[in-house]
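The values are calculated or read from the model by the stated rules, or taken from the named source; none is laboratory data. Predicted model, so just to flag it, every value in this text is computed and none were measured. Backbone-built Cβ (ideal geometry, glycine too); neighbour counts: all protein chains shown. Accessible surface is based on the protein model in full, side chains and every heavy atom, while ligands, DNA and RNA are left aside. Shrake-Rupley method; radii C 1.70, N 1.55, O 1.52, S 1.80 Å.
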Amino acid sequence: MEIGEFIKDTALGAGQIIKAGFGNVKSRHAKGADRGDIVTNVDFESEKYILDRIRREFPTHAIFSEESGLTGLSTEGYLWLVDPLDGTRNFATGIPFFSVSIALALDGVAQFGAVYDPLHDEMFYAERGQGATLNGVTMQVSSEKDLQDAVISVSWVRRRADHSKFVSYVDRVAHETSYFRRLGSAALIGAYVASGRADVYMQGGINAWDIAAGTVLVEEAGGIVSDFEGNALDLREPHMDILAANPALHGKMIEEIIRG
C-alpha cells in the first residue's frame, strides 16, 4: 500500500476505535505528576492499533508516540509521530472535539500527515509537494489579512511555558480581536488553520506528536509554520513552540504580538 493511503487508512481505523469508545470510557487516570494530563483505555487501544500496523509495514522506522514514547534506534531518517487520541480530556468529558494524528517525518520535517476527526468523518491529509485535502477536496488557509477579524487559538503547556509570557500575548491579541478559540486538540486546530476555519494557531511547549501532521497540512495548504522567532521546526525535538497561520498574519503575529 502506498504510504499516503496507508496513513489515511490507519487513521481511519484508529478513528473507528475512538468513535466506538466515545461516551464509554472504562478507565482514565493522570499521567505522571500533572493531574491535568490524562489518559484513557481508548488512548491505549488506538495507539496499539496504529503502532502494530506501522511496525508490520515499516519495521525499520522509528516511532515517537504519545503513550509509548520513542521506539527505534534513532530519530534520524524516517520517524513516525503518532497521537492516537489528541484531545483526551475533551473525549473523556464528552466534548466532541478530538482527533487522530499520524505523520511521517524525514530528518525532522513532516513529509506526510493525516488528522482524522472520527465524529464528523473528516480526513485532513497532506503530502509534501502535493498539496492538502479535506476528504479528497483541495483545501487552503484563509485569506484573512487583519488581526481584528482573525480567529486565533492561543494556548500553552503550563509545565513547559512561561505563564506570564503567554498572558501578555493574550493581552496583546485582545487589543486586536476577541475571536479567541482554545479547543483542546492541537492536531485538529492545526487542521482547521490548514482548511481556513481558523486563521492563527500559537502554542508554547507543545509535544511534537501533537502538531507533526498539522505542520505539513498547513504548509501544503499555503500557510507558514515556525517557532515564535520565525524559525523552522525540527520534529525530532520532543516539544516546541509553534506558530501556524496564513502568510499575511504569520508575520503580524511575530512582530505585533510576540515581539510586541
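Working carefully through the options Gly251, Gly222, find the one that is buried (at least 16 other Cβ atoms within 10 Å of the Cβ) and at pLDDT 85 or above.
Of the residues listed, the single one that is buried (at least 16 other Cβ atoms within 10 Å of the Cβ) and at pLDDT 85 or above is Gly222.
Identify, please: which residue in segment 173-188 is under 24 Å from Phe97 (Cα atoms) and open to solvent by 10 Å² or more (accessible area, probe 1.4 Å) and is, among those, farthest from the chain's Cα centre (by Cα)?
Ranking the qualifying residues of segment 173-188, first place goes to Ser178.
Where residues in segment 233-248 are in contact with a strand residue (DSSP E or B) (Cβ under 6 Å, 6 or more places away or on another chain) and surrounded by fewer than 19 Cβ atoms within 10 Å (Cβ to Cβ), which of them is modelled with the highest pLDDT?
Pro247
Identify all residues within segment 36-68 that are part of a helix (DSSP H, G or I) and aromatic (Phe, Trp, Tyr); write none if there are none.
Within segment 36-68, Phe44, Tyr49 qualify.
Need pairs with beta-carbon distance below 9 Å; first residue polar (S, T, N, Q) and within segment 228-244, second open to solvent by 80 Å² or more (accessible area, probe 1.4 Å); sequence gap 6+ or separate chains.
Short answer, once both residue conditions are applied: none.
Quick one: which of Leu119, Leu104, Leu85 is touching a residue at least 24 places away in the same chain (Cβ under 8 Å) and within 22 Å of Glu2 (Cα to Cα)?
Selected residue: Leu104, the only one of Leu119, Leu104, Leu85 that is touching a residue at least 24 places away in the same chain (Cβ under 8 Å) and within 22 Å of Glu2 (Cα to Cα).
Mind counting the residues in segment 88-137 that are farther than 12 Å from Ala11 by Cα, part of a loop (DSSP other than H, G, I, E, B) and open to solvent by 10 Å² or more (accessible area, probe 1.4 Å)?
Summing the residues that are farther than 12 Å from Ala11 by Cα, part of a loop (DSSP other than H, G, I, E, B) and open to solvent by 10 Å² or more (accessible area, probe 1.4 Å) in segment 88-137 gives 13.
Looking at Val151, Val170, Val193, Val141, which one is under 24 Å from Met240 (Cα atoms), open to solvent by 10 Å² or more (accessible area, probe 1.4 Å), in contact with a strand residue (DSSP E or B) (Cβ under 7 Å, 6 or more places away or on another chain) and not basic (Lys, Arg)?
Testing whether each residue is under 24 Å from Met240 (Cα atoms), open to solvent by 10 Å² or more (accessible area, probe 1.4 Å), in contact with a strand residue (DSSP E or B) (Cβ under 7 Å, 6 or more places away or on another chain) and not basic (Lys, Arg) leaves just Val170.
Give me a count of the residues in segment 124-158 that are within 20 Å of Ile102 (Cα to Cα), aliphatic (A, V, I, L, M) and touching a helix residue (DSSP H, G or I) at 6+ places or on another chain (Cβ under 9 Å).
4
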